[in-house]
Amino acid sequence: MNCFVTGATGFIGANLVHELVARGHRVRALVRKDSDLRGLAGADFERADAPLTDRAKLATAMRGCDWCFHVAASYHLWLPDYAPMYQANVEGTRAVLLAAADAGCSRIVYTSTVGCIGLPREMNGIVTPTDESAPVSEAQMSNHYKLSKWRAEVVARELAAKGLPVVIVNPSAPVGPRDVKPTPTGKVIVDFLNRAMPAYLDTGLNWVHVRDVAIGHILAAEKGRVGERYILGSAEGNWTMREAFAVLEELTGVRAPRIRIPHFVALAAAHVDETIARFTGKPPKAPLAGVRMARYKMFFNPAKAIRELGLPQTPPREALKDAVEWFRREGLARK
């Protein structure tokens with residue numbers, strides 16, 4: 001297949017390009033002139049350039065493509081002005097999906113986030129992972145990033161209802177190689193390896209190998225039902241931060257932090273940090289949005305993607321191991 005990929009230089013996008021190429025697909029990637037291409041090293045792809053919100057130019061760039069993967073997103077938990085993030089995530093999604101339809105793509109895969117899935121419930125200390133059917137509304141979108149992605153997903157669902165061949169995927173917390181920036185989840189691992197994390201919050205994530213997430217995108221194009229959402233996560237990956245750090249300690253020999261920060265202390269520190277950020281213009285080290293999200297254990301059930309798509313299930317321990325090896329090899333973390 002001829003494939004068009006936005007966000008190809010990002011963590012998920014770069015791994016998706018490599019997986020597409022490995023399967024013999026031809027890739028045309030939307031890449032800005034100043035983009036960091038380290039994640040795409042070794043991949044054979046054609047470059048394309050068009051503004052993310054210009055439907056006409058995007059359609060021209062996609063001409064001849066069978067599949068479109070819209071992975072690009074503005075991901076920030078703090079900005080001095082959030083308007084550009086809404087423009088990129090909401091209007092950019094509308095433009096890309098419509099352009100893909102204009103170009104005649106037979107499948108359009110939109111990358112959302114589990115932040116748009118209903119939150120897990122906790123009773124008596126037991127967290128029940130949620131799936132795509134969990135009730136959720138815009139009112140639950142607790143920060144600008146989640147709200148912008150929610151509105152983008154609404155656009156995707158509306159266009160699918162109008163006949164566009166859109167399938168939606170909701171990745172959980174991917175880890176693994178090619179996390180160049182790194183992502184917020186990858187930064188947790190980097191800080192752990194560099195002994196820059198003396199304490200932790202009582203939170204949890206659904207840890208999943210980024211390779212499985214990339215393959216999940218391809219499976220969604222091949223097998224996904226139009227208009228449906230699929231959680232791309234790990235059935236065995238619902239780990240608290242303490243559990244993840246215990247595995248990292250076993251893998252690396254680096255001592256895991258033993259001190260748990262009470263949530264109210266982290267919240268107070270984040271308020272101070274963001275107040276300073278308003279004056280300096282520099283991003284806070286601990287954004288309020290991140291601390292507020294950490295109140296919930298983001299545990300999810302990917303059974304639908306496993307059942308309908310055949311989503312691979314790499315053990316989360318292997319995902320962490322591959323991430324550690326990549327960060328160390330790239331010089332981002334101590335050996």
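The values are calculated or read from the model by the stated rules, or taken from the named source; none is laboratory data. Since the structure is predicted, the reported quantities are computational estimates derived from the model, not experimental observations. Every residue, glycine as well, gets a Cβ built from its backbone with ideal geometry; the counts of neighbours run over all protein chains shown.
Scanning the stretch 295-335 for residues that are among the small types (Gly, Ala, Ser) and within 19 Å of Pro182 (Cα to Cα) gives Ala319, Ala323, Gly331, Ala333. Just so you know, in the stretch 303-315 the residues that are touching a helix residue (DSSP H, G or I) at 6+ places or on another chain (Cβ under 8 Å) and not polar (S, T, N, Q) include one that is surrounded by the most Cβ atoms within 10 Å (Cβ to Cβ), and it is Ala305. When you go through Val213, Val226 one by one, which is the residue that is closer than 30 Å to Glu158 by Cα, touching a residue at least 12 places away in the same chain (Cβ under 8 Å), crowded, with 22+ Cβ neighbours inside 10 Å and out of contact with any Cys (no Cβ under 7 Å at 6 or more places or on another chain)? Going through Val213, Val226 in turn, just one is closer than 30 Å to Glu158 by Cα, touching a residue at least 12 places away in the same chain (Cβ under 8 Å), crowded, with 22+ Cβ neighbours inside 10 Å and out of contact with any Cys (no Cβ under 7 Å at 6 or more places or on another chain): Val213. Only one entry of Gly227, Gly233 meets the criterion of being within 30 Å of Ala161 (Cβ to Cβ), at pLDDT 95 or above, more than 18 Å from the chain's Cα centre (by Cα) and not charged (D, E, K, R), and that entry is Gly227.
Out of curiosity, is Thr183 among the polar types (S, T, N, Q), surrounded by fewer than 22 Cβ atoms within 10 Å (Cβ to Cβ) and over 22 Å from Glu330 (Cβ atoms)? No: the conditions fail for Thr183. Restricting attention to the stretch 161-175, the residues being surrounded by fewer than 20 Cβ atoms within 10 Å (Cβ to Cβ) and part of a loop (DSSP other than H, G, I, E, B) number 3. Specify which of the listed residues (Ala56, Ala14, Ala50) is in a helix (DSSP H, G or I) and over 22 Å from the mean Cα position of the chain (by Cα). Exactly one of Ala56, Ala14, Ala50 is in a helix (DSSP H, G or I) and over 22 Å from the mean Cα position of the chain (by Cα), namely Ala56. All conditions in (1) surrounded by 18 or more Cβ atoms within 10 Å (Cβ to Cβ); (2) farther than 30 Å from Ile218 by Cβ hold for Ala323, with the sole exception of (2). Within the stretch 247-297, the set of residues being more than 22 Å from Arg195 (Cα to Cα), of a type in the set (A, V, I, L, M, F, W, C) and in contact (Cβ under 8 Å) with a residue 12 or more places away in the chain comprises Leu267, Ala277, Leu288, Ala289, Met293.
Quick grid of which residues meet (1) of a type outside the set (Phe, Trp, Tyr); (2) under 10 Å from Gly227 (Cα atoms); (3) part of a loop (DSSP other than H, G, I, E, B):
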site	(1), (2), (3)
Ala139	yes, no, no
Leu147	yes, no, no
Leu159	yes, yes, no
Pro177	yes, no, yes
Val180	yes, no, yes
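All of Arg23, Arg32, Arg38, Arg47 fail the test of being basic (Lys, Arg) and either closer than 16 Å to Tyr110 by Cα or surrounded by 15 or more Cβ atoms within 10 Å (Cβ to Cβ) (or both), apart from Arg47.
Cβ-Cβ contacts under 9 Å between residues 6 or more apart (or on different chains), taken from a first residue in the stretch 183-208 that is under 24 Å from Ile12 (Cβ atoms) and in contact (Cβ under 8 Å) with a residue 12 or more places away in the chain to a second residue that is crowded, with 23+ Cβ neighbours inside 10 Å and among the acidic types (Asp, Glu), are listed as Thr185/Asp179; Gly186/Asp179; Ile189/Asp179; Val190/Asp179. Of all residue pairs spaced 6 or more apart or on separate chains, those with beta-carbon atoms under 7 Å, a first member in the stretch 231-246 that is farther than 12 Å from Pro312 by Cβ and a second member that is of a type in the set (Ser, Thr, Tyr) and assigned to a strand (DSSP E or B) are Met241/Tyr200; Arg242/Tyr200; Phe245/Tyr200.
Pairs under 8 Å by beta carbon, first residue at positive phi in the stretch 5-21, partner outside any strand (DSSP E or B), six or more apart or different chains? Listed by first residue and then by second, the contacts come to Gly7/Gly13; Gly7/Val71; Gly7/Ala72; Gly7/Ala73. Residues in the stretch 79-125 that are assigned to a strand (DSSP E or B), surrounded by fewer than 20 Cβ atoms within 10 Å (Cβ to Cβ) and touching a Ser or Thr at 6+ places or on another chain (Cβ under 9 Å): Arg121, Glu122.
Looking across the stretch 214-237, the residues that are of a type in the set (A, V, I, L, M, F, W, C) and either closer than 14 Å to Asn301 by Cα or in a loop (DSSP other than H, G, I, E, B) (or both) come down to Val226, Ile231, Leu232, Ala235. Checking each residue in the stretch 264-307 for being among the charged types (D, E, K, R) and in contact with a strand residue (DSSP E or B) (Cβ under 8 Å, 6 or more places away or on another chain) picks out Lys297, Lys304.
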